[in-house]
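Participant: Let me give you the structure first, and then I'll get to my questions.
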Amino acid sequence: MDAARRPAPAADYYFPPGRSIARRIHGERVVGVLYGPRALILGALEPLTYTATMISTNSIDRPFRRLARTAKIHETVLLGTREEADRALKAVNQLHRRVEGNLDEPAGKHPAGTRYSAFDQDLMLWTLAVIVDSARAIYETMVRPLSESELELLWQDYMLFGELFGMSRSAMPASFREFDSWLTKQMSSQDLGPTAHGLAMAPIVAFEQPVPIVGRPMLHLNNLAVKGTLPRHVRDEFGIRWTAAHQAGFRTLVLINRLASRLLPRRLRRGRNNVLFDNVIRAEARRGGTVVADLSQPSPDGRVATVRRDEP
């Protein structure tokens, strides 16, 4: 085999091929495509994390670019070599150092003046949690269930993933069982609740990706898969319509995907999704951006009002 094409040794990866459960899961293209939109919806439930991200972004009218670039970074870290991952992590670290400040307006239970930082360990744990839960939910729904031992190995992989992005291991639950218990408690907390901006924007970014007409049937199926794996109370919170017909279509989609995961050639079902993510970025750029909500105008209930603006 040519030296340039020879696979790198396992030691050259943070998540080695054949050994890492996280790599196995994120290597499935269906997971790479679907877990991000689901994680975005769940992430918007935490008002401080969501608002801090919106305030700090330089891409407020390019939300699909932001989502696609985040997905590419995650795939680089999880599927790439250490060298590739370290370059991506260095760039993210530099961006995160600029994400700090104080809220100008209330966000959920958080009053104006609340301090935020990209390196706040509690906020980082929430961000990691929605990634973990979404990747697991998509994989177990569309590919196959994971055993208890696999779930534990998966969580240990994600603990390393969190550390690579600046989390302290001591800030994370020590086992998958502890993590699952923590997340269940968080999801039932009265402190969770999207801002009006999150209610407006999160579903747009999750379900209205800019794709050509020929790609819209696939987008519809992707959205069905994401919506079907969301907890019922989350669908209700965001006003996501879900009928018996949706449920029937979702069940059929699950059966087809599980069958495809066993029958499709490896090169079709596994690998990075760079081509898809780059197409989304270019499509959003061609249309001049995305209509966004205005963070600067609070609503009477203390949330953030949704104000549409003309597209450039």
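Values in this text are rule-based calculations from the coordinates and carry no lab data. Small disclaimer: the values here were computed from a predicted structure and weren't measured. Please note: Cβ atoms are built from the backbone with ideal geometry, for glycine as well, and neighbour counts cover all protein chains shown.
Participant: Which translational diffusion coefficient, to the nearest whole µm²/s, is obtained for the range 186-284 from the Stokes-Einstein equation, given a Kirkwood hydrodynamic radius over C-alpha pairs, 10 °C and 1.306 mPa s?
Facilitator: 101
Participant: May I ask for log10 I(q)/I(0) of the chain at q = 0.12, 0.16 Å⁻¹, from a Debye sum over the Cα atoms as equal point scatterers with solvent left out?
Facilitator: Debye curve over Cα of the chain, log10 I(q)/I(0) at q = 0.12, 0.16 Å⁻¹: -0.84, -1.60.
Participant: Using modelled amide H (1.01 Å from N, peptide plane; none on Pro or chain starts), what sits under 5 Å from the amide H of GLU105, excluding residues fewer than 5 places away?
Facilitator: Under 5 Å from the amide H of GLU105: GLY113.
Participant: Give the range of the longest stretch in the chain that excludes all trypsin sites (Lys or Arg not before Pro) found in loop regions by DSSP and having at most 13 other beta-carbon atoms within 10 Å.
Facilitator: Between the exposed loop sites, the longest stretch runs 99-240.
Participant: Mind giving me the nanometre distance, one decimal, between the label points for THR70 and ASP12, set 7 Å out from Cα along Cα→Cβ?
Facilitator: Calculated label separation equals 3.1 nm.
Participant: Right, something else. Going down the table (LYS109/LYS185; LYS185/LYS227; LYS72/LYS109), which pairs top 25 Å between alpha carbons?
Facilitator: In this structure, LYS72/LYS109 exceed 25 Å between Cα atoms.
Participant: Give me the extension gain from ARG216 to GLU163: residue separation times 0.36 nm, minus the current Cα-Cα distance, reported in nm with one decimal.
Facilitator: Extra length available between ARG216 and GLU163 comes to 15.3 nm.
Participant: Against the empirical 2.2 N^0.38 Å scaling, what ratio does the C-alpha Rg of the range 209-260 come to?
Facilitator: Here the Cα radius of gyration is 1.21 times the empirical estimate.
Participant: Taking amide H positions as placed 1.01 Å from N in the peptide plane, with prolines and chain starts having none, which residues 5 or more places from ARG270, or on another chain, fall under 5 Å of its amide H?
Facilitator: Close amide H contacts, sequence-distant or interchain: ARG29.
Participant: Another one. Could you run the Karplus curve 6.51 cos²θ - 1.76 cosθ + 1.60 with θ = phi - 60° over the range 20-35 and give me ³J(HN,Hα) per residue in whole Hz, x for Gly and Pro?
Facilitator: 8, 5, 4, 5, 4, 6, 6, x, 6, 4, 4, 5, x, 7, 9, 6
Participant: In 10 Å bins starting at zero, report the fraction of Cα pairs in the range 13-148 per bin as a rounded %.
Facilitator: Final binned percentages: 11, 38, 35, 14, 2.
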